[in-house]
Amino acid sequence: MRDAHLDIIEQARENKQYLCGRCRYVLDGVPIDQQRAIVCPECGYAMSFVVSVRLVGDNPEHDQRVRQSLGRTERIIIRLSVLFIVLVFIAVVYIVVF
Ligand SMILES: [Zn+2]
């Protein structure tokens, strides 16, 4: 049975130019094997195509808002950092003045 990812990879290669990760040789027309691997004919560097899948929401504005909002842990870390900086500043002022 043919690997469905090979079709996706072939389609991607038709739309974009891929270069060797080591010598920047243009890999147009260089065959890939059944394990999605490709070897640069110029320098022999072995690479593999990886197909990744992303799930995107129907409401990009909502996704953007969620991505920009900080989680609870991040907010606590920022508050503790600000408190620490203020305490260090007070300690330095106290040492310099007294
Ligand atoms: Zn190369």
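In the set V97, V26, V93, which member is within 16 Å of the ligand (Cβ to nearest atom), over 20 Å from the mean Cα position of the chain (by Cα) and β-branched (V, I, T)?
Answer to the selection: V26.
From the set of residues in the range 36-54 that are more than 10 Å from the ligand (Cβ to nearest atom) and assigned to a loop (DSSP other than H, G, I, E, B), which is farthest from I9 (Cα to Cα)?
Only one residue fits best here, namely R54.
Residue by residue, here is whether (1) touching a strand residue (DSSP E or B) at 6+ places or on another chain (Cβ under 7 Å); (2) of a type in the set (V, I, T) holds:
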site: Y25; (1), (2): yes, no
site: P31; (1), (2): no, no
site: M47; (1), (2): yes, no
site: V51; (1), (2): no, yes
site: D63; (1), (2): no, no
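Can you pull out the residues in the range 46-65 that are surrounded by 10 or more Cβ atoms within 10 Å (Cβ to Cβ) and over 30 Å from H5 (Cβ atoms)?
The answer is H62, R65.
Computed from the coordinates by the stated procedures, all read-outs in this text should not be read as laboratory data. Please read all numbers here as calculations on a predicted model, not as lab measurements. Every residue, glycine among them, receives a Cβ derived from its backbone with ideal geometry; neighbour counts consider all protein chains shown.
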